[in-house]
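Everything below concerns the one structure shown next.
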Amino acid sequence: MVEWAERLKKLPAYLFAELDEKKAKKIAEGVDVIDMGVGDPDLPTPTPIVEAMKKAVEKPEHHRYPTYNGMKAFREAVARWYKRRFNVELDPEKEVVALIGSKEGIAHLPFAFVEEKDVVLVPDPGYPVYHSATVLAGGQPYHVPLREELGFLPDLESVSKDVLERTKILFINYPNNPTAGMATKEAFSKIVELAKEYNFIVAHDAAYSEIYYEEPPISILEIPGAKDVAIEFHSLSKTFNMTGWRIGMAVGNPEILKGLLKVKTNIDSGVFQAVQEAAIFALDNEPELDRIRATYKRRIDIFVEGLRKAGIDVKPPKATFYIWFKVPKGYTSMEFANLALDKAGVLLTPGIGFGVYGEGYARAALCMPDERVEEAANRIASL
Ligand SMILES: *Cc1c(COP(=O)(O)O)cnc(C)c1O
């Protein structure tokens, strides 16, 4: 067979192969497996957004290649939403780019800015794309620990001056997947200062900004001067149960966005305009968003109560639909995930899958009906 390129060989091994195999085996044995592994909303996209899509898909002008950076009307809708939600001004011409889901933009960013010797700081535990995109682009990922005692904010003081001097991009993600950690203005301000001092890009992934249950999470662009160094990724995926539709956006520093767009122009051809039209409707009207939040909140309360009954101490997250909890003493995260699947038929993601600093934890994604969440909690409690 033709050999893989070095860059592909360098990507981390797929840690969940063993769990996936075991899950398939359990299902084949007739076990009713509850899969809490995937963070993919089970609820349908709100009907009014689907209706907007139906109308849009019939328009022949949407059947042609879209513009690379997104329709003007979409970029304007993003700017309106940013103003209303964060009180941040964006120029829809230069400071907004449509993405085929935020993952696409995140994965392409390092290709625009990272050379072989360059470092990209990635949160650990973290969404795996920051690391793999860096490797594919030929850069060097450096894992910054997110420690519980620091509120899962990046421990940048642990990063040496030498590493900071070679840093091109810092990826951060709040509300955080997998820890559900929240950012603060102070933390964001410090990060912006550091980025200016060492001249690197701050790429903030805000995919969960609307899935909150207390104070609305902040945008990094609310920090004065942030736009000099930062871009922010957003997505309609989690907010409106639109993971399959593939639409998101990058906003912020126009020079950084120009680099990202140049990469994109050479690789993809933009977002289906009918999807953009439906997204405009979604951003302007936010249909069913309160109900979506209430649904996750209910599931969180059910699951947290269940885990507590099992003697597992866990705080309800302030945002996201993930429960990040310490596995019982005596187990590694992988051992506990294996036990939960074997003995309880519940699939959890072991923390180690998100990086070495995720060891000792497991993540449960609450993307299933209340009864299933309750059943999963009961089964874990009886372990
Ligand atoms: C789900 C997720 C995304 C990607 O969402 P898209 O569907 O590509 O917009 C990005 N970042 C994090 C942290 C996620 O969990």
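Laboratory data are not the source of any read-out in this text; all were calculated from the coordinates shown. Since the structure is predicted, the reported quantities are computational estimates derived from the model, not experimental observations. Reconstructed Cβ throughout: ideal geometry from the backbone, glycine too, with neighbour counts over all protein chains shown.
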Top mean-square fluctuation among 285, 173, 253, Gaussian network model of the chain, C-alpha springs under 10 Å? 285
Could you list the residues of the stretch 277-314 with an amide nitrogen less than 20 Å from a label point located 7 Å from the Cα of residue 55 in the Cα-to-C-beta direction? 277-289
Once you have all Cα-Cα distances for the stretch 194-302, histogram them in 10 Å bins from zero and send the whole-percent values. 12, 36, 34, 16, 2
So which trypsin sites (Lys or Arg not before Pro) in the stretch 1-84 are both in a DSSP loop and have at most 16 other Cβ atoms within 10 Å of their Cβ? 10, 64
Those GluC sites (Glu not before Pro) from the stretch 88-183 that are DSSP loop and have at most 16 other Cβ neighbours within 10 Å turn out to be 89, 93, 115, 116
For the stretch 18-94, take N as its residue count and report Rg(C-alpha) divided by 2.2 N^0.38 Å. 1.81
Output needed for the stretch 47-285: three equivalent-ellipsoid semi-axes, defined as square roots of 5 times the C-alpha gyration tensor eigenvalues, in descending order, whole Å. 30, 20, 15
Within the stretch 300-383, DSSP-loop trypsin sites (Lys or Arg not before Pro) with at most 12 other C-beta atoms within 10 Å are 329
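Past the 29 Å Cα-Cα mark, which pairs from 72/238; 9/329; 22/54; 54/103; 23/103?
From 72/238; 9/329; 22/54; 54/103; 23/103, over 29 Å: 9/329; 22/54.
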